[in-house]
Amino acid sequence: MSQVLPGSRVVHPIERESFRRLRSRLDTSHFPPLTRAVVERVIHSAADLEYANDLVTDELALERAHAALHAGAPVVVDVEMVAAGITRRDTVCRLRDARSGPGLTRSAHAVRLAYEEVGPGALWVIGCAPTALEELLTLDAAPVLVIGLPVGFVGAAESKAALRESGLPAVSNVSEKGGSAVAAAALNALLYQPVSVSEEKS
């Protein structure tokens, strides 16, 4: 693993050692490049090797999202915890401005407000609220990518299943686990890869 990643990102020795240990316990070499990057960084963020079998990704969708991200497409997050985990990139989070109402959670309202701000073509990173993901699926948001990894026993797995059924370009997982850290990690995986990564061999 290179010590310096695109944009002069210096990788701390602890991180390098963590990835070395991850790869010693799990063979990720069969994944295509961007899928591998997402899977490894999600696993690294949670110290949970089961994500290798739990995550659902599509390399072509990741390639398109990677290009859009590095071309400056907006990034929308559902909560500030996700925003805090995304490094080297400004994000849009409207949760502070949102209000709940009859049949509408605060998280869902925040998604509506964010869409009004950014319009189509954004990358959406949802790591907390299943209702945020559910609301996004009702909008004609035309996202470049939806990283849908909300966590919880109520609605999380179901909202992620609905995301996959929608046909939208997405990163999701099958189980109820997820959360802000893993959602941010999936986005960071795309941020940290050089623009030419999709043209390189794994």
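Within region 120-136, track down each residue that is part of a loop (DSSP other than H, G, I, E, B) and either over 14 Å from the mean Cα position of the chain (by Cα) or of a type in the set (D, E) (or both). Hits for region 120-136 are P120, G121.
Within the group L137, L123, L113, L168, which residue is within 21 Å of A73 (Cα to Cα) and open to solvent by less than 20 Å² (accessible area, probe 1.4 Å)? Before the answer, list the steps.
Details: L137 fails: open to solvent by less than 20 Å² (accessible area, probe 1.4 Å); L113 fails: open to solvent by less than 20 Å² (accessible area, probe 1.4 Å); L168 fails: open to solvent by less than 20 Å² (accessible area, probe 1.4 Å).
None of the other options fit; the residue is L123.
If you take the residues of region 141-193 that are of a type in the set (S, T, Y) and not in a loop (DSSP other than H, G, I, E, B), which of them is nearest to C93 (Cα to Cα)? That would be S180.
If you take the residues of region 82-104 that are surrounded by 14 or more Cβ atoms within 10 Å (Cβ to Cβ) and more than 19 Å from A141 (Cα to Cα), which of them is modelled with the lowest pLDDT?
Initial filter on region 82-104 (surrounded by 14 or more Cβ atoms within 10 Å (Cβ to Cβ)): 82-86, 89, 91-95, 98, 104.
From the residues that got through so far, the ones that are more than 19 Å from A141 (Cα to Cα) too are 82-86, 89.
Details: V82: 96, A83: 95, A84: 95, G85: 95, I86: 95, R89: 89.
Ranking the candidates gives R89 first.
Residues that are open to solvent by 50 Å² or more (accessible area, probe 1.4 Å), under 16 Å from P150 (Cα atoms), hydrophobic (A, V, I, L, M, F, W, C) and assigned to a helix (DSSP H, G or I) do occur in region 63-81, at least one of them. Summed over region 1-48, the residues that are open to solvent by 50 Å² or more (accessible area, probe 1.4 Å), at pLDDT below 90 and either hydroxyl-bearing (S, T, Y) or in a loop (DSSP other than H, G, I, E, B) (or both) give a count of 6.
The values are calculated or read from the model by the stated rules, or taken from the named source; none is laboratory data. What you see is a predicted model; the values in this text were computed from it and never measured. Neighbour counts are summed over all protein chains in view; Cβ atoms, including those assigned to glycine, are modelled from backbone coordinates with ideal geometry. These area figures cover heavy atoms from the full protein model, side chains too; ligands, DNA and RNA do not enter into them. Shrake-Rupley method; radii C 1.70, N 1.55, O 1.52, S 1.80 Å.
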